[in-house]
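Structure first, then comments.
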Amino acid sequence: MQENIRIIKKSDALTILTKSMNDLKQMTGRKIYDTTELEKLSEEELVACLRDSWEMEDDQFEVWGEINKIKSKEDITIWRLINPYSIKSNKLLIYPLRGHDRVSCSFFINPVDGKKFGSQNHSRFIRCKLELSPRLEREKHQIPFEMNVAPGSCSSLIELPSVVPHDIFTFEDKTSFLTENIYEFYRHQAEEKIKQDIESLKSIHSKELLDTQKKLESVNKEILLAVEKREAETQHNTRLEIEKQNSIRAIEALAREKQNKDLELSVLTKKIFELESEMSKKIDRLKNYVSEKVDFLRNFEFIDEEDANLFLLEPKPNSEHVDGVMFKDALNGDYRQAVSYIQAYSVAHEILYPRHIIENYLTLLRTKDLIILAGDSGSGKTNLVKSFARAVGGKSVIIPVKPNWTSSEDLLGYYNPIEKKYIATPFLEALIEATQNPEIPYFICLDEMNLARVEYYFADFLSLLESRDETPEIKLYGDDESSHVLSELKTVVDIIQACKEKYNRNGVVKFIEILKDDDLNSQLRQAFGFGDKDSLIKYHSEIRRMLSAVMTMPSSIKMPVNVHLIGAINIDETTHYLSPKILDRAHVMRFESPLLFDWNQILDEVDQYDFEDVSKPLIFDVESLGVRENYPKFDRDNEFCRTFTDLNKEFFHPLGIEFGMRTIRQGLHYQALFNDVNNDNYSFINNFLLHKVLPKFTFDGSKKINEGKAKLDNIENVLIGRIKDILPAYKDFPDVFSAVIALETVVKNARENEGIVNFWS
C-alpha cells in the first residue's frame, strides 16, 4: 500500500467516493477476454494480460484487502481475500474475463496464513502478494486468470480508529488503512496537538467541572452502587440463562443422538435377527435336538462321540499345549522386549532375521489384516510364518494354492448333494481346528497365493473379512439339507420310542437289541412300512451317514479370533499380479534373499539384550496378538493424514494410482501398533510406503501428465526428492528395505524397459 500521507478536510470524502466510482467505470471499460481467447496462452502471457489490465508495474502483484473465513459443505475452513485493491493504484481488482467483469475478485489464502492473520489477535485487513493458481484449480473453476495469495507474503494492516482526527492526516484516496509502523509514527506526531486541545478544553470547562463534581460524586456513588448491583444480577442471570440454554442444547443433542442410535440399532437388530433366523434356525433345531438326545443317539449308534463333540463345537482338551514363557508375566506386556526375545529365540534355533523384519511382521499380525509376503523363491517367506509360529507357541498351517483355483469353493469346499456331505478343504479344516483350540494362535498361510488369480477365489472371502466390529460368519451351505436330516431323524426316534413304550422296556435299548427282539423288530418294520426284504440295518446306516455328514460340517462357521491369514507370493512368468482390490485390503511385506542380510549385525542386535534363557517360546494370549477392531477415524490435523493426502493430490492421483480413505485409516492403525515396538516415525512411513503405496506402481511411465511431463520424469525429478524430504534418515535403512531405494530401482528398471513402471519387476 502507498505510505505517503497528506492533510485533507472532511469535505474531501465526496471526492474520494467519486474517484472510487470512476475507478470501477475505468476498470470495466478495459478489454474483457473470452475463455476461448486465453486457451492457448502460456502462464507468462496470462500474467502479462492481468498486469496490463490491473496497471501493475511488475509481476509482484501487491494488493491489500479483507481476510474472510468461510465453511465449506464438508465443514472445512477456507480463507479468502475479498474486496482486493492494488497497492500502487488502490483500484478495486476485477478479472478481465467475461462473466466475471462485474464482480470484484476474491483470492484463496493458504490455511497457515489464514489461521495466523485471520485470528482475533490481528486486524481483518492484510497486505500480500498474488501468484497464478495451479493449472488444475484454474481449469476446475474455469477462470484462466485465477490468482491465489502467495504463501508467506501476508502482513497485517491496521484500520485508522475513529478517535484519531482524520482532518489531521489520511491517505490521498478513499482508504483508511496503514501499516502499523506508519500509523504509530503519525500518531506520535499528532499527540502533542491532541494534548494541547485537551488542556484548552480543560481550562474552558474546569470551573463547570468543579461546580458539578461534588454533585456528581454523590450521585455517582448511588449510581455506581445501583449499577454494580444491577450488573451483578444481570451477570448472574446471564450465566444461569447460558447454563440453562447449554444444558437444553446438550440434552436435545443427546436425545437426538440417542434417537438416531436407537433407530440404527433397531434397524441393525431387525436385520441381524432376520438373517440369523433365516440362516440358523434349522441348524439350531438340529443342534438342540442332538444335544437333548445325545445319549439316545449314541446308544442307538446313530452318532459317534467325536461327531457329537465336533457338531457342538466343543473345545478340544489342549493337547497341543506348549511349555513357554508368558508374554504378560515375564515381559510385562512389553512388545519391544517381545521382539528382542523372539529374535534371540530364532537365532538360538539357527534362524536369523533382522530386528526390523520381526518388528514389522509382529505389528502386521496385530492389525488382523491380510498380510502378503512377496519375494523370490527361497527368500524365507514361509519360513518366517513357521519360525514365528514356533517362537510364540502357535501353529502354522501352510495351504498350497493350485493354478486351477477359480472360485471360493476351491478355498472353502462345497456341498455334494449326491453324497449328502460337505467336501471340506484343508483351509476350512484349519479354520475348524482353530475353533476347537481357541487358546492357540493359528497362522494360516496360502503358499504361492498368486499361482491362481487371487480375485477369483479369495476376493469374496476378503470382502467378508472387511467387517471390523463383529466376527465374520462364513456361510458354507444351505439349511435345507440339515432340515431334511432332522425331519427324518425325529421320525426314527419317535418310532423307536413308541415301540419302547408299547413294550414297556425300561432303561436304554441299543439298536442291536431291537434286531434280536422279533416282536420289536416286527413292530418297527410295520411302523416304517418295510417289507420282509427291507433291511433295518441298511436304513440305520443311511440315517447314520446323513447325520454324520451334517454334524461334521455345520452350515456356517464364524471366523476364529485366533486365526491370522498370510499369503506368500512369487512374481514371475508363472504367476498373476495382484488386483487393486486385493492391494487395497492387504499389507505387502517384500522379502529379499537372506544372503543379503548382514548376519553380524543380527548377532550384534541379539547381544544387546540380556536374556538368560531363550530356549522356550514366548506365549501370547490371543488378544495380545491382535484384536479385530475398527480403524481409527481420518483426522485432517494429523501429520500423517496431511502428508499422504498432499502426496495423493500432487503425485499419486496424476500417476493414476488411486487411494481411498481406507488406506489412510489402515496406516493410522498400523502406526498406533508400530509405536509399541518402535517409535521411529521415519521407519513407520518407510514401511507404509513399501506396504501400501509402491506395490501399486504398475503403469506406462511414458504417458504425459501435468504440463506435458512424462509420469516417469515426474517420479524421478520430483517425487523421489519429496520422499527424501519426508524421510531424511532414508540412508539409515538397509537398501533392500528402503522405500527410496526401491523407488529409485523402479525408475532405473523403467528406463531400461521402454518407460514401463513396475514395482514387481
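Points to keep in mind about this one:
- Within the stretch 443-467, considering residues that are among the aromatic types (F, W, Y) and either assigned to a helix (DSSP H, G or I) or touching a Pro at 6+ places or on another chain (Cβ under 7 Å) (or both), the one surrounded by the most Cβ atoms within 10 Å (Cβ to Cβ): Y457
- Condition check for Y682: touching a Ser or Thr at 6+ places or on another chain (Cβ under 7 Å) and farther than 13 Å from F651 by Cβ: no
- Flag for T406 being farther than 24 Å from F737 by Cα and either polar (S, T, N, Q) or assigned to a helix (DSSP H, G or I) (or both): yes
- Filtered residues of the stretch 725-740 (kept if part of a loop (DSSP other than H, G, I, E, B) and either surrounded by fewer than 18 Cβ atoms within 10 Å (Cβ to Cβ) or of a type in the set (F, W, Y) (or both)): P728, A729, F733, P734
- Yes/no for L743 being assigned to a helix (DSSP H, G or I) and either closer than 30 Å to R355 by Cα or polar (S, T, N, Q) (or both): yes
- Some residue of the stretch 587-598 being crowded, with 18+ Cβ neighbours inside 10 Å, at pLDDT below 85 and assigned to a helix (DSSP H, G or I): no
- Filtered by the rule that a residue be surrounded by 12 or more Cβ atoms within 10 Å (Cβ to Cβ) and either assigned to a helix (DSSP H, G or I) or in contact with a helix residue (DSSP H, G or I) (Cβ under 7 Å, 6 or more places away or on another chain) (or both), the stretch 622-635 gives V622, S624, L625, G626, Y631, P632, F634, D635.
- Qualifying residue in the stretch 667-688 (condition: modelled with pLDDT of 90 or more and in contact with a Gly (Cβ under 7 Å, 6 or more places away or on another chain)): yes
- Candidates in the stretch 689-711 are the residues that are in a loop (DSSP other than H, G, I, E, B) and either within 19 Å of P734 (Cα to Cα) or among the charged types (D, E, K, R) (or both); of these, the one that is modelled with the lowest pLDDT is K709.
- Being of a type in the set (K, R), at pLDDT 65 or above and more than 20 Å from I372 (Cβ to Cβ) is a condition met by at least one residue of the stretch 554-577.
- Residue match in the stretch 371-390 (condition: crowded, with 19+ Cβ neighbours inside 10 Å, within 26 Å of S556 (Cα to Cα) and in contact with a strand residue (DSSP E or B) (Cβ under 9 Å, 6 or more places away or on another chain)): yes
- Residue that is under 18 Å from S738 (Cα atoms) and modelled with pLDDT of 90 or more, where the choices are I358, I371: I358
- Residue match in the stretch 97-107 (condition: outside any loop (DSSP other than H, G, I, E, B), closer than 21 Å to K649 by Cα, in contact with a Lys or Arg (Cβ under 8 Å, 6 or more places away or on another chain) and not assigned by TED's automatic domain parsing to the domain that holds R636): yes
- A search for C-beta distances below 8 Å between a residue of the stretch 45-65 that is without any contact (Cβ under 8 Å) to a residue 24 or more places away in the chain and any residue that is surrounded by 15 or more Cβ atoms within 10 Å (Cβ to Cβ) and assigned to a helix (DSSP H, G or I), counting only pairs 6+ apart in sequence or on different chains, returns D58/R51; D59/V47; D59/R51.
- Residue within the stretch 377-395 that is in the same structural domain as L462 (by TED's automatic domain parsing) and farther than 26 Å from A338 by Cα present: yes
- Residues (of a type outside the set (A, V, I, L, M, F, W, C) and under 17 Å from N360 (Cβ atoms)) located in the stretch 727-753: Y730, D732, P734, D735, S738
- S593 vs. criteria touching a residue at least 60 places away in the same chain (Cβ under 8 Å) and touching a helix residue (DSSP H, G or I) at 6+ places or on another chain (Cβ under 7 Å): no
- Selection count, the stretch 433-477, where residues are charged (D, E, K, R), within 26 Å of the chain's Cα centre (by Cα) and farther than 30 Å from L618 by Cα: 3
- Residue in the stretch 710-723 that is nearest to I358 (Cα to Cα), counting only those that are surrounded by 15 or more Cβ atoms within 10 Å (Cβ to Cβ) and without any contact (Cβ under 8 Å) to a residue 40 or more places away in the chain: I723
The values are calculated or read from the model by the stated rules, or taken from the named source; none is laboratory data. In this text, all values refer to a predicted model and were calculated from it rather than measured experimentally. All Cβ positions, glycine included, derive from the backbone under ideal geometry; neighbour counts span all protein chains shown.
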